[in-house]
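J.: Just dropping this structure here.
Where a number appears in this text, it was derived from the coordinates with a stated rule and is not lab data. Computed from a prediction, not measured in an experiment: that's the story for all the values here. All Cβ positions, even for glycine, are placed from backbone atoms using ideal geometry, and neighbour counts span all protein chains on display.
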Amino acid sequence: MIKRKRDLPAGAVFSALTLVGQVGLTMGAAIGLGVLGGLYLDRWLGGRGIVLVLMIALGIASGGYAVYKLMMKEIGG
């Protein structure tokens with residue numbers, strides 16, 4: 001039988017899962033909006049994917065910043 005050092009309370013597990021889901025949705029939404037915006041602007045401006053790549057990079061950066069703020073709020077920093 002495997003000995004466990006310590007069992008986590010159920011509330012802590014659900015809180016951690018909620019945070020992971022929130023991080024995933026935040027990043028996914030930011031990148032998704034970057035893709036949609038980049039596709040639209042590429043079609044409107046007649047670009048060849050350059051605007052799409054820039055908007056994806058902007059989505060990743062803005063999603064990363066939003067996740068950073070969320071984590072700082074969560075850990076109290």
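J.: Looking only at Ala16, Ala30, Ala57, which one moves most when the chain is put into a Gaussian network model with springs between Cα atoms under 10 Å?
T.: Among Ala16, Ala30, Ala57, the largest GNM mean-square fluctuation belongs to Ala16.
J.: Describe numerically, in nm with one decimal, the distance between label points set 7 Å from Cα along Cα→Cβ at Tyr65 and at Gln22.
T.: Distance between the two pseudo-spin positions: 2.0 nm.
J.: Okay, moving on. Hey, fewest Cβ within 10 Å first, where do Val13, Val51, Val35 land in order?
T.: Val13, Val35, Val51
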